[in-house]
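Some notes on the structure that comes next.
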Amino acid sequence: MADTVRPIRAGPREVRWVDLQAQRHRLGGRIEAAIADVLDHGQFILGPEVGTLEDRLARFSGARHAVSCASGTDALLLALLAWGVGPGDAVAVPSFTFVASAEVVPLVGATPVFVEVQPDTFNIDPGSVADAVEVARHQGLRLVGVIAVDLFGQPADYAAVGQVAADHGLWVLGDAAQSFGASLHGVPVGTLAPVTATSFFPAKPLGAYGDGGAVLTDDADLAERLRSLREHGRGSTKYEHVQVGVNGRLDTLQAAVLLEKLSIFDDELLARQAVAERYGAGLADVVGVPAVMDGATSAWAQYTVVLDDRDRVAAALGRRGIPTAVYYPRPLHRQAAFCSFPRTAAELAVSDRLSREVLSLPIHPYLEPAAQDRVIQAVRDGVS
Ligand SMILES: *Cc1c(COP(=O)(O)O)cnc(C)c1O
């Protein structure tokens, strides 16, 4: 959207892609006060807010340990480094996802094997993971793990993925960059997989005012290694290095912002759920609406519909001043940086089709019903 000067608060019928100003207004100066506290104490790196946030994230997700870090991408990377994934190893990753899910694999010298997603949930197809074991073997590689992505906010089918993983001795890493706050059969994201990576990029359901991320796990040894890796592989003192690491810490300022936002997060998740239900009721008869698995809740990072004439409908909404986005217009197995890596089939037909047919509509906790009804009407007019 154009960067024009806009009123701080949206009008009742104005549709914004996200509304961080409404959230800031609601928090009523608490974020500014939290930032001022950090400026006063001056501990910008691993200050007290970082530890407090980690405790709160662990409590919120049910995980024993939360290790914060600089981004969701670093969270994935740190997990692979902590496990020692490297050359000769292959990792199953869905092709229909954000690039970060896959890029960390070649960064550690391992090989991604692109697998298929399910057409209705957009999440990894567990059957495809079993195929990846064979594909890796044919390439002289050993499939060691699977990165299950919780696309658009809904947890992957961790029971099914976990079964395939157990059958083949694979680890499971949850890419929960979009799903922090969701759950499956009452189990919160953060404890659905043995290790879960999440992101606090500003547009994620729990977003900071800059980059941030965290790894959630019950494994105390792994958490210890992650804490070392995010600080140049440090040992028990700062200039002792016991492994090769990175600079991957979360800023204290971002932790302070996140602590305030976490205090209203449950309520925001309910508001997102209400928006998603209103879309479902208003659109299910004219476009493909996202399927939520039995027993699952979504954090609704995106509300993504499937329709034949995606580009025409997007243009029609644009003419009415309604922003939309395409996540993702090209699957990873068709990207220049990734097309030479193996995949489970010559054609990943579902990933290819979704990349042509998906359209994400505005969803955030502050979307007013009257504004949302304009979106619904515009989609209905656009497809007819
Ligand atoms: C946003 C995102 C990431 C990366 O998170 P950053 O904090 O931007 O590095 C990884 N995976 C998925 C699915 C994402 O949507």
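Summary of computed values
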{"read-out": "Pick from segment 136-160, criterion in contact with a Ser or Thr (Cβ under 9 Å, 6 or more places away or on another chain) and open to solvent by 20 Å² or more (accessible area, probe 1.4 Å), ranking: nearest to the ligand (Cβ to nearest atom)", "value": "Asp157"}
{"read-out": "Any hit, segment 363-372, residues being surrounded by fewer than 15 Cβ atoms within 10 Å (Cβ to Cβ) and under 25 Å from Pro112 (Cβ atoms)", "value": "no"}
{"read-out": "Which listed residue is closer than 24 Å to Tyr328 by Cβ and either touching a residue at least 40 places away in the same chain (Cβ under 8 Å) or more than 13 Å from the ligand (Cβ to nearest atom) (or both), from Gln178, Gln243, Gln163", "value": "Gln178"}
{"read-out": "Exclusive hit being closer than 30 Å to Glu49 by Cα and either modelled with pLDDT under 95 or part of a strand (DSSP E or B) (or both), set Ala66, Ala82", "value": "Ala66"}
{"read-out": "Residues (part of a loop (DSSP other than H, G, I, E, B) and within 12 Å of the ligand (Cβ to nearest atom)) located in segment 91-135", "value": "Phe96, Thr97, Phe98, Val99, Phe122, Asn123"}
{"read-out": "Asp251 being closer than 16 Å to Ala182 by Cα and open to solvent by 70 Å² or more (accessible area, probe 1.4 Å)", "value": "no"}
{"read-out": "Selection count, segment 267-287, where residues are in contact (Cβ under 8 Å) with a residue 40 or more places away in the chain, open to solvent by 30 Å² or more (accessible area, probe 1.4 Å) and not aliphatic (A, V, I, L, M)", "value": "2"}
{"read-out": "Out of Pro12, Pro87, sole residue that is over 30 Å from Gln372 (Cβ atoms), open to solvent by 70 Å² or more (accessible area, probe 1.4 Å) and not in a helix (DSSP H, G or I)", "value": "Pro87"}
{"read-out": "Residue in segment 188-210 that is away from the ligand (no atom under 16 Å from the Cβ) and either part of a loop (DSSP other than H, G, I, E, B) or charged (D, E, K, R) (or both) present", "value": "yes"}
{"read-out": "Test for Ser360: is it within 16 Å of the ligand (Cβ to nearest atom) and more than 26 Å from Gln21 (Cβ to Cβ)", "value": "no"}
{"read-out": "Residue list for segment 172-187, filter: surrounded by fewer than 24 Cβ atoms within 10 Å (Cβ to Cβ) and either part of a loop (DSSP other than H, G, I, E, B) or basic (Lys, Arg) (or both)", "value": "His185, Gly186"}
{"read-out": "Filtered residues of segment 211-222 (kept if touching a Ser or Thr at 6+ places or on another chain (Cβ under 6 Å) and either more than 16 Å from the ligand (Cβ to nearest atom) or among the hydrophobic types (A, V, I, L, M, F, W, C) (or both))", "value": "Ala214, Leu216"}
{"read-out": "Filtered residues of segment 308-336 (kept if over 21 Å from the mean Cα position of the chain (by Cα), in a loop (DSSP other than H, G, I, E, B), surrounded by fewer than 20 Cβ atoms within 10 Å (Cβ to Cβ) and in contact (Cβ under 8 Å) with a residue 40 or more places away in the chain)", "value": "Asp308, Asp309, Arg320, Gly321"}
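The values are calculated or read from the model by the stated rules, or taken from the named source; none is laboratory data. It should be emphasised that the depicted structure is a prediction, and the values quoted were computed from it without experimental measurement. Methodologically, a virtual Cβ is constructed for each residue, glycine included, from the backbone with ideal geometry; neighbour enumeration extends over all protein chains shown. Surface areas here come from the heavy atoms of the whole protein model, side chains and all, with no ligands, DNA or RNA. Shrake-Rupley method; radii C 1.70, N 1.55, O 1.52, S 1.80 Å.
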